[in-house]
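The values are calculated or read from the model by the stated rules, or taken from the named source; none is laboratory data. Owing to the predicted nature of the structure, the values given are computational and were not obtained by experimental measurement. Here Cβ is always computed from backbone atoms with ideal geometry, including for glycine, and neighbour counts include all displayed protein chains. Just so you know, the surface numbers come from the protein's heavy atoms only, side chains and all, with ligands and any DNA or RNA stripped out. Shrake-Rupley method; radii C 1.70, N 1.55, O 1.52, S 1.80 Å.
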Amino acid sequence: MNLQGKTALVTGGAVRIGAAICRALAGAGMNVVIHYRSSAAEAERLAEELGKLDVGALIVQADLVSEEACRKLLEEASSVSGGLQVLVNNASVFHKQSIGQATAGHLLDEFWPNFLAPVLLMRGFAERCREGKIVNLLDRRIEGHDIHCAPYVLSKKALAEATKLAALEFAPSIAVNGVAPGAILPPPGKGQDYIRDRAGPVPLQRQCTPEEVAETVLFLLHNDSVTGQILFVDGGQNLL
Ligand SMILES: NC(=O)c1ccc[n+]([C@@H]2O[C@H](COP(=O)([O-])OP(=O)(O)OC[C@H]3O[C@@H](n4cnc5c(N)ncnc54)[C@H](OP(=O)(O)O)[C@@H]3O)[C@@H](O)[C@H]2O)c1
């Protein structure tokens with residue numbers, strides 16, 4: 001897909017990996033709709049920064065915990081001239097809980113932003129767009145069995161499967177792929193040593209960056225022959 005002048009909605013795009021994705025898309029000439037939940041100031045600052053690149057940058061707030069919120073977000077994001085051609089489902093929550101600790105409420109807290117909202121947004125996007133691309137942010141943990149964050153892992157494994165189902169269902173007009181990062185950024189408030197101490201062995205012995213995740217998203221958007229695939233950006237850790 002020629003990305004120049006096309007418009008992407010990036011959920012959770014105001015900060016961290018989402019912001020790196022927004023910057024990469026804008027750098028490729030795309031207009032960006034930056035979705036945020038609570039990072040209003042960061043979203044405004046990023047929109048101002050991207051505006052200087054001579055691309056459109058709109059910000060839209062939504063707490064993605066209901067069907068109505070997902071519908072409204074897509075409606076607002078699609079109101080840009082020419083509509084949306086790209087959806088990046090990046091927004092996510094991460095809590096440490098085992099199955100033994102998780103109530104139905106804990107499971108839903110994880111499943112709404114990490115699985116239900118991305119699936120509803122994919123559905124709404126496919127209804128509105130004749131042609132386009134979707135990229136879902138997953139996690140290298142989809143290949144393992146990390147019992148310490150079971151609701152999170154379950155939600156990302158479910159989204160990985162939904163990525164493949166949607167790729168088949170929405171072909172030939174929409175390509176749907178996933179990017180599965182390894183340990184990229186520590187949780188807010190923790191330093192980089194948090195990752196060093198907990199990430200475990202990485203075959204390529206390097207820490208992947210938000211920019212490398214963003215480049216992988218860009219690759220999937222440029223390429224018109226790849227769908228239903230999951231690219232791991234984790235230095236090979238998923239293989240262990
Ligand atoms: N960080 C890593 O090392 C890592 C590793 C593996 C996979 N990933 C995946 O890569 C993606 C980006 O990672 P990240 O660490 O940058 O993400 P993050 O900081 O954990 O979350 C991104 C944004 O999601 C938004 N969000 C959370 N709950 C929401 C809700 N209920 N409704 C709407 N938005 C909500 C928040 O936006 P506001 O700030 O506006 O509230 C948050 O800033 C995620 O899908 C994550 O699972 C990350």
Next item on the list: Those residues that are in a helix (DSSP H, G or I) and open to solvent by less than 70 Å² (accessible area, probe 1.4 Å), I need them from segment 81-105; list them, please.
Entry: Gly105
Margin query: Among the residues in segment 146-153, are any open to solvent by less than 80 Å² (accessible area, probe 1.4 Å), more than 25 Å from Leu25 (Cβ to Cβ), more than 12 Å from the ligand (Cβ to nearest atom) and modelled with pLDDT of 95 or more?
Written below: yes
Note to self: From the list Leu108, Leu120, exactly one residue is more than 10 Å from the ligand (Cβ to nearest atom) and surrounded by fewer than 18 Cβ atoms within 10 Å (Cβ to Cβ). Which is it?
What the structure shows: Leu108
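Please count how many residues of segment 9-55 are among the hydrophobic types (A, V, I, L, M, F, W, C), in a loop (DSSP other than H, G, I, E, B) and without any contact (Cβ under 8 Å) to a residue 40 or more places away in the chain.
Number satisfying all stated conditions: 3.
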Margin query: So if I check each of Lys156, Lys52, Lys72, which one is of a type in the set (Lys, Arg), surrounded by fewer than 21 Cβ atoms within 10 Å (Cβ to Cβ) and within 19 Å of Ile21 (Cβ to Cβ)?
Written below: Lys52
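Quick check, is Lys157 at pLDDT 95 or above, under 19 Å from Phe111 (Cα atoms) and within 13 Å of the ligand (Cβ to nearest atom)?
yes
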